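First up is the structure itself, then whatever we jot down about it.
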Amino acid sequence: MWDNLESGSPSPPAGEGETLTVEVAIANLRHEDLSLRYYAAWWIGRFGVREPGAIDALLDLLSEDRDQTEAGGFPLRRNAARALGKVGDDRAVPALIDCLDCSDYYVREAAGESLERLGDRTAIPSLMQLLAGGLTAAVQVQGKPHLTQPYNTILEALGTLQATEAIPLIQPFLDHEVPRVQYSAARAMYQLTGEGGYAERLIQALQGKDLQLRRSALLDLGAIAYLPAAKAISQTLAENSIKLIALKGLIEHHLTLTHSDAAPDLSPDLIEVMNLMDSLL
């Protein structure tokens, strides 16, 4: 349950997950105990609470600085930024765009993820700005486990937002030294151009030696719903659960209904994907 907790973040209060209600969670967003506020932000995002009071309090947390860690991070801002993307309220877009200028790498990452979820194209210019400097600027931060910007998140968001104007900025990242960044660039380029060669790069990545990179490529192929990848996905040396998630992405994107109560219109390709999924169960 406690994914996305970075070093220096508050610990969840014991037992709170079993008793929290919407009313208590909203109240806790303004509690003096920062750990209660942190957990409440996670809980509201997890359960998609869209009450106006919750949104207002989450927006206020985006400027919270009392929990700043020794490393300079802002855990409450991170969790609030993630939660605002999950609850899906467009009022959060301007504030999340502002978060792209935050000194905390992980706040910028969370804001980028949420802007992608919200799908508002007004975020495109600010996301593009984070790619300024290209490969020359996209280097490891000394003493930190990350690059200067959350490039994976930025590239994927621009692809999802159909930011064709960003293609010249995205393309160089196909040659970045970090494979995961290469994959995100290929994913975005396929989404923006429809050219299968970019998706084929992700299929090739399924043969790599690193399990974590194979997992990433699987999820990228599921996200772009590249049907020709179905068989390769099913044969990848990775957990069946992740392969099923990727194949499910293919199905969800391509499966269409003629009307709400109609039977699914299954093409031969989709039937093959379903059979592959059955073989993994």
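The values are calculated or read from the model by the stated rules, or taken from the named source; none is laboratory data. These numbers come from a predicted model, not from an experiment. Using ideal geometry, Cβ is built from the backbone for each residue, glycine included, and neighbour counts are taken over all protein chains shown. Surface accessibility is based on the protein's heavy atoms, side chains included, excluding ligands, DNA and RNA. Shrake-Rupley method; radii C 1.70, N 1.55, O 1.52, S 1.80 Å.
Figures for the structure shown
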{"item": "Proximal charge balance of residue 30 [Cβ under 11 Å; K/R count +1, D/E count -1]", "result": "-4"}
{"item": "Per residue accessible area in Å² of the chain, where ligands, DNA and RNA are left out and the probe is 1.4 Å", "result": "49"}
{"item": "Linear extension gain, residue 148 paired with residue 90, 0.36 nm per residue minus alpha-carbon span", "result": "18.1 nm"}
{"item": "Span from the region 99-118 Cα centroid across to the region 201-221 one, whole angstrom", "result": "25"}
{"item": "Listed peptides 218-226, 89-97 by packing density, highest first (mean Cβ within 10 Å)", "result": "218-226, 89-97"}
{"item": "Prolate/oblate/rounded call for region 85-196, Cα gyration tensor, a/c under 1.5 rounded", "result": "oblate"}
{"item": "Length gained when the stretch residue 193-residue 30 is fully extended (0.36 nm per residue, less Cα-Cα span)", "result": "54.2 nm"}
{"item": "Positive-end residue of 254, 62, 168, charge dipole of the chain with Cβ unit charges", "result": "168"}
{"item": "Estimated dipole of the chain in Debye, rounded to 20 [Cβ of Lys and Arg +1, of Asp and Glu -1, Cα centre]", "result": "560"}
{"item": "Value at 222 nm in deg cm²/dmol, rounded to 500, when DSSP H runs of n ≥ 4 in the chain each add -39,500 (n - 2.57)", "result": "-17000 deg cm²/dmol"}
{"item": "Gaussian network model of the chain, springs between alpha carbon atoms under 10 Å - residue of 37, 82, 50 with greatest fluctuation", "result": "50"}
{"item": "Virtual spin-label span in nm between residue 139 and residue 237, 7 Å along Cα→Cβ", "result": "3.5"}
{"item": "Of (1) 1.04; (2) 1.12; (3) 0.99, the label for Rg/Rh (Cα atoms, Kirkwood Rh) derived from the coordinates", "result": "(3)"}
{"item": "Sulfur and carbon atoms: percent of accessible area, the chain [1.4 Å]", "result": "50"}
{"item": "Once exposed loop GluC sites (Glu not before Pro) are cut out (DSSP; at most 11 other Cβ, 10 Å), longest piece of the chain", "result": "71-176"}
